[in-house]
Amino acid sequence: MSRQRMTRRDFLQLATVAAAAGSLSPTAAGAAQPAALTPKKGGVYVIGRARTPSFFDIDFLTSVFDIQINAVFYSGLLRLDQQGEVQNDLAAKWDWSSDGLKLNFQLVPGVRFHDGSPLTSEDVAWSLNKMMGKVQGHGKSGRMGLLANYITGVTTEGPLGITLQLGQARPPVVVKLLATDFAGITKKGTTRDMLAKAPAGCGPFVMKELVKGSHLLAERNPNYHRPGLPYLDGIKFMIVGDEAGWIALSTGKLDMFTTASSLRPDMRTTLEKAGMIVHLYASDNANYLIFNLTRDTPFKDKRVRQAVNLSFDRDAYRQAVQYGQTKLGTLWPQDTPVWGHSEAELRKMPGFRVPKDADLAEAKKLMAEAGHANGFDTTMEVPNEADMVRSTEWIALELRKIGIRAAVRVVPSQEWDIFLAREKKFTFCMDSYTMVTDDPDEKILGYLTSTAPRNNMGYSNPQFDALAQRMSRETDQAKRVQLIRQMEKILDDEMPRALVYERVRPFAFQPYVQNTLPPFPKTTVYARNRMDETWLNK
Amino acid sequence: MSHYIARRMLLMLPTILGATILIFGIMRILPGDVALMILQAEDPSAEVDQQAYAQLRQELGLNKPLTVQYVAWIGGILRGDLGNSLRTRSPVAEEIVQRLPISLQIALMASCIGLLLGVPLGVLAAFRQDSWYDYGLRGIAAMGLAMPAFWIGIMILVVGARFFQWSPPIGYNPIWMGLGSNMAQLIWPAMVIGIAQISILSRMTRSSMLEVLREDYVRTARAKGISERLVVLRHALRNAFIPVLTLAGISLGFSLGGSVVMETLFTIPGMGLLFIEAARWRDYTVVQGLVLWMVLVFTFINLLVDLAYSWLDPRIRY
């Protein structure tokens with residue numbers, strides 16, 4: 001196995017650097033919890049979640065709220081440990097074939113699903129095919145469907161052996177995808193209707209009770225395949241809205257709470273005064289301003305797009321709209337291990353410089369060169385969602401500094417996906433890019449190449465596409481970084497999209513909760529929510 | 001009386017039928033595709049497999065003509081089947097039955113608070129017309145109406161947490177699992193809704209009582225030497241109560257439909273929260289089922305209120 005291992009020391013150094021970068025809370029370092037404590041068994045962990053899961057189809061889910069509940073019911077072939085390293089889960093061992101075109105797994109024997117039936121290689125093969133949209137009656141997974149780009153076939157060898165045939169040698173993203181929570185193994189033959197009612201996994205917890213809109217109770221799986229785990233007797237997911245959730249946490253009615261929206265500073269102060277550990281984390285969601293390159297608008301001219309990128313003040317945006325809680329970035333949030341840039345590096349890039357004067361002067365010059373010295377009138381579209389409307393209105397005001405008079409057009413949220421992705425009726429707007437792993441393939445091949453399914457801009461550059469393919473096939477991490485940097489340069493020059501902000505998600509929990517967070521910043525919120533190693537120190 | 005009830009029941013049919021056509025049509029006019037929303041969940045940029053999309057639309061019956069969909073829905077209702085939720089696949093009737101006791105309890109508690117406090121306060125204000133008591137009560141009632149329920153609810157949460165390290169319990173506890181824990185949770189939304197009802201009912205009772213107290217029959221009763229208590233309870237209040245009852249009935253009807261804001265704020269899984277979720281996901285069958293339920297509730301409460309008139313005022317005959 002050719003895997004780059006990160007030592008614990010490396011991880012702690014990275015966490016320290018990230019904390020020192022300023023946007024992590026002072027208590028975030030506390031999230032790297034004491035390793036010397038001996039885990040205690042027992043207790044029910046009470047977690048606040050925004051809503052009842054829509055269904056229990058682990059790989060078909062896309063929402064962070066749903067995956068954070070569903071993950072406890074499923075196990076995958078692989079998992080991430082507390083340091084963010086890939087470890088075996090249902091796989092007792094795995095290896096690449098000598099040519100790197102096969103990935104072989106041997107399952108842990110004796111594993112049983114929650115209904116008592118044994119896990120076999122047939123279940124795993126069926127689940128992987130289901131993720132890739134190859135099982136009748138199930139759709140293609142929004143998150144794991146990416147596997148179909150790499151896996152050409154799945155075969156079983158006896159009850160415990162599985163082999164994945166690959167179209168290219170050792171694609172790193174496959175292993176990373178298989179270690180996310182979305183890659184849970186489902187019992188073969190489970191129908192979509194069955195998964196609408198209950199999970200069908202072999203994870204650390206078994207669903208005991210579901211009261212829609214109120215709570216979901218999960219109990220320890222006595223037959224869990226990892227010896228001695230889980231530590232908790234159970235988990236109670238309380239369904240609770242944003243404001244009520246933070247308040248319930250501060251008054252001790254919850255052990256942990258997290259939301260997708262920014263945490264108000266006064267609420268953060270209240271939580272910290274009440275002794276909570278507050279952790280702000282970015283990695284999985286970036287919001288870009290994208291331009292529709294398929295329509296004949298002034299944004300066809302890359303100088304105008306560059307001017308837009310230069311014109312708006314991301315620091316002011318952060319303070320005015322997002323309570324000071326966003327991060328900078330290009331393709332990844334600042335300080336992301338391996339792929340990201342430091343804040344110092346970003347500050348030298350056009351659009352991120354402080355003070356803003358140089359950027360603004362250059363933007364006006366570019367507008368004049370493009371023949372728009374007096375600016376122009378245009379439309380900026382936004383889905384009818386409070387946070388997006390607030391952000392869009394703010395950007396529209398900023399663009400007036402360079403003469404772009406953008407009228408904000410609000411589109412009903414339910415129409416937005418068709419409007420944006422299918423019909424491409426927009427002029428320019430904000431678009432969200434989500435990452436499940438930290439692997440660049442997801443973002444580059446998912447959003448930016450000319451054939452990328454989520455390339456809503458209509459951006460196409462053969463040179464960029466060729467680099468993307470090379471990067472995807474490259475297994476040497478250092479070489480991949482070099483290729484990424486070349487692609488970043490192309491994107492910075494052609495500017496089909498400009499980063500507005502990297503979302504920061506707030507997590508807060510009681511000080512006695514141990515091992516509850518995914519190993520940030522090495523992964524995203526979509527991994528390591530199984531809670532089998534979480535315990536309560538009380 | 002029985003003829004009147006039968007006639008009213010028959011008249012309810014076109015009302016209900018009209019409501020079903022209206023809500024069925026509105027839900028189809030609204031933008032959004034439930035199949036697409038299920039496939040893309042919260043990630044609108046997620047790639048949608050066209051085969052899966054077509055298959056899902058077929059499974060949900062969305063590819064059939066609207067008239068066929070409507071007739072199938074009405075046919076189901078006549079057989080007692082409200083259909084299945086498009087999103088969760090659970091039977092709609094089951095979803096409503098799960099949520100109904102919660103909204104029902106809140107509505108009844110709020111109505112009790114409103115009636116038990118609003119009516120006596122209104123009577124007292126009428127008797128002490130233009131006194132400081134009357135002015136004070138009218139001022140408080142105006143405040144109760146002016147303060148939006150969501151604001152009062154937020155204040156309860158924020159003040160409780162900030163100054164007393166307290167917040168209402170979360171997670172629904174059915175009444176049979178413990179009266180104390182159930183009441184501890186539901187009393188707050190009921191109280192907030194009740195505050196508005198106290199204000200409305202006290203004002204209505206006051207003005208209605210003032211009108212009745214000037215009637216000849218009240219003067220006659222007093223002239224006959226009947227005690228003031230009996231004059232109020234037997235003669236004045238009974239007559240003044242008719243408009244109050246109408247208002248209380250309407251309030252109860254609204255509350256039974258689910259207090260959307262209160263249920264969202266206090267995270268109570270009642271009908272209101274279900275309605276919000278269903279509308280957001282364009283879950284046609286659930287929204288249709290809920291609206292049908294609300295129409296039935298309103299029409300039956302109206303009928304009951306009308307029937308109560310004859311009990312309150314024997315001069316009214318059907």
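The values are calculated or read from the model by the stated rules, or taken from the named source; none is laboratory data. Small disclaimer: the values here were computed from a predicted structure and weren't measured. Note: ideal-geometry Cβ built from the backbone for every residue, glycine included; neighbour counts use all protein chains shown.
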Quiz item: Applying the selection to segment A:69-88, what residues are out of contact with any Asp or Glu (no Cβ under 8 Å at 6 or more places or on another chain) and either within 14 Å of chain B (Cβ to nearest Cβ) or not hydrophobic (A, V, I, L, M, F, W, C) (or both)?
Solution: A:I69, A:D81, A:Q83, A:G84, A:E85, A:N88
Exercise. From A:L147, A:L160, A:L166, grab the single residue that is within 14 Å of chain B (Cβ to nearest Cβ) and crowded, with 16+ Cβ neighbours inside 10 Å.
Key: A:L147
Quiz item: Quick one: is B:G144 surrounded by 15 or more Cβ atoms within 10 Å (Cβ to Cβ), within 14 Å of chain A (Cβ to nearest Cβ) and of a type outside the set (V, I, T)?
Solution: no
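Restricting attention to segment A:239-252, and to residues there that are surrounded by fewer than 22 Cβ atoms within 10 Å (Cβ to Cβ) and in contact (Cβ under 8 Å) with a residue 40 or more places away in the chain, which single residue is nearest to the other protein chains (Cβ to nearest Cβ)?
Looking at residues that are surrounded by fewer than 22 Cβ atoms within 10 Å (Cβ to Cβ) and in contact (Cβ under 8 Å) with a residue 40 or more places away in the chain, I get A:G241.
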Quiz item: Taking B:I175, is it of a type in the set (V, I, T), touching a helix residue (DSSP H, G or I) at 6+ places or on another chain (Cβ under 7 Å) and more than 12 Å from every other protein chain (Cβ to nearest Cβ)?
Solution: yes
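Quick check: anything in segment A:65-76 surrounded by 14 or more Cβ atoms within 10 Å (Cβ to Cβ), under 19 Å from A:P159 (Cβ atoms) and either of a type outside the set (K, R) or at pLDDT 85 or above (or both)? I'd like the intermediate steps shown before the answer.
At the first step, the residues of segment A:65-76 found to be surrounded by 14 or more Cβ atoms within 10 Å (Cβ to Cβ) are A:65-76.
Restricting the remaining residues to those that are under 19 Å from A:P159 (Cβ atoms) gives A:75-76.
From the residues that got through so far, the ones that are either of a type outside the set (K, R) or at pLDDT 85 or above (or both) too are A:75-76.
Among the residues of segment A:65-76, at least one is surrounded by 14 or more Cβ atoms within 10 Å (Cβ to Cβ), under 19 Å from A:P159 (Cβ atoms) and either of a type outside the set (K, R) or at pLDDT 85 or above (or both), which makes the answer yes.
Looking at segment A:418-437, can you tell me whether even one residue there is charged (D, E, K, R), within 20 Å of A:N149 (Cβ to Cβ) and without any contact (Cβ under 8 Å) to a residue 24 or more places away in the chain? It would help to see each step written out before you state the result.
First, the residues of segment A:418-437 that are charged (D, E, K, R): A:422-425, A:431.
Add one more test, that the residue is within 20 Å of A:N149 (Cβ to Cβ), and what stays is none.
No; the residues of segment A:418-437 include none that is charged (D, E, K, R), within 20 Å of A:N149 (Cβ to Cβ) and without any contact (Cβ under 8 Å) to a residue 24 or more places away in the chain.
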Exercise. Answer yes or no: is there a residue in segment B:268-281 that is surrounded by 24 or more Cβ atoms within 10 Å (Cβ to Cβ), over 17 Å from B:S90 (Cα atoms), β-branched (V, I, T) and within 11 Å of chain A (Cβ to nearest Cβ).
Key: yes
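Considering segment A:34-71 alone, what residues qualify as being part of a helix (DSSP H, G or I) and of a type in the set (G, A, S)?
The first filter runs over segment A:34-71 and keeps only residues part of a helix (DSSP H, G or I), leaving A:64-71.
Passing the criteria: only A:A71.
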Practice problem: Find all pairs meeting these conditions: Cβ atoms under 7 angstrom apart; at least six residues apart or on different chains; first residue within segment B:154-168 and within 8 Å of chain A (Cβ to nearest Cβ) and within 11 Å of A:A244 (Cα to Cα); second residue surrounded by 14 or more Cβ atoms within 10 Å (Cβ to Cβ) and charged (D, E, K, R). | Solution: B:L157/A:E243; B:S167/A:K253
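Sort out which residues of segment B:253-267 are aliphatic (A, V, I, L, M) and more than 8 Å from every other protein chain (Cβ to nearest Cβ), and write them in order of number. Give the derivation first.
We begin by selecting, within segment B:253-267, every residue aliphatic (A, V, I, L, M); these are B:256, B:260-262, B:265.
Passing the criteria: B:L256, B:V260, B:V261, B:M262.
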Self-check item: Test set (1) more than 14 Å from chain B (Cβ to nearest Cβ); (2) without any contact (Cβ under 8 Å) to a residue 12 or more places away in the chain - A:T155 fails condition number
Solution: (2)
Quiz item: Which one is nearest to A:S311 (Cα to Cα) among residues in segment A:387-412 that are surrounded by fewer than 18 Cβ atoms within 10 Å (Cβ to Cβ) and within 14 Å of chain B (Cβ to nearest Cβ)?
Solution: A:D387
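From the list B:V232, B:V260, B:V192, which residue is under 28 Å from the mean Cα position of the chain (by Cα) and at pLDDT below 90?
Details: B:V232 fails: under 28 Å from the mean Cα position of the chain (by Cα); B:V192 fails: at pLDDT below 90.
Just a single option satisfies the conditions, and that option is B:V260.
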